[in-house]
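No lab work stands behind these numbers, since they all come straight from the coordinates. Here the structure is a predicted model, which is why all the values come from computation and not from measurement. Neighbour counts run over all protein chains shown; Cβ positions are idealised from the backbone, glycine included.
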Amino acid sequence: MLAMNKKNFLGTVCAAVALAAVVSACGDGTTRSTGLEFSRNMYDPIAFNPDQPNKNFKNGITAQTPPTGTTPIGFTRFDYENSVEGYELAGAEITVNPLTVTEQNLKEGHALYVTYCAVCHGPEGNGDGTITKDREVEDSRGKRALENFPEPPSYQKSAGTPSSRGGQMSELTAGKIFHTITYGWNSMGPHASQISPEDRWKVVMYVQELQKK
């Protein structure tokens, strides 16, 4: 009997605590209060947010400029500037792809090429991508033609197409192709933010296969 009373008492206490917690967490509809909070330090981070003022630094800014020459974690540095001189230097110093030519790398390079490059350069690198052709769209404003992009030069050796920066497209070195993917050139925008350095080398590998045709 005593044990039964203890169980009933504990059950009543637990129910009362639960009810109090629910009621205290409810607002009255007129304030922004969230009621009582448990373990507030789980919500408020100890570390500063990048945009918060910070008295620990003389300039009062949390997001400090990294020291000159440092490299962020996960970032691969490309030590060639975005210029014609940088392009030529990359072409002269990087003549071999740092990745090993394998069936898997070529397969992934092809997939990346189709995703990012074929729309302009064409599936076989002939410069006949879909956005270089006549296209039209129809919507609530009616039917209208879309702007055509200029055809890029063909990569293929058989086409004998010269590069706008000199030499044949089929003779571009790995460094020149990588530099162009990274920084862009003419109508082609930079792809460094879209394609990782390793994947860029896979694209280079596939493009150099197209150069052989």
Alpha-carbon centroids, the stretch 82-123 and the stretch 152-168: separation in whole Å: 15
What residues qualify as long-range amide H neighbours of Q168, i.e. H under 5 Å apart, gap of 5 or more or another chain, H built at 1.01 Å from N? S163
Could you list I61, I181 so that the one with the fewest beta carbons within 10 Å of its beta carbon is first and the one with the most is last? I61, I181
Give, as a single signed number, the net charge of other residues whose beta carbon lies under 11 Å from the beta carbon of Y80, with Lys and Arg counted +1 and Asp and Glu -1. -3
For the stretch 102-210, what is the relative contact order in percent, using Cα pairs closer than 8 Å and at least 6 residues apart in sequence? 27
Can you put E136, E151 in order of Cβ neighbours within 10 angstrom, beginning with the fewest? E136, E151
Other residues with Cβ under 11 Å from the Cβ of A90 give, with Lys and Arg +1 and Asp and Glu -1, a net charge of -4
Under 11 Å, Cβ to Cβ, from A118 - net charge with Lys/Arg +1 and Asp/Glu -1: -2
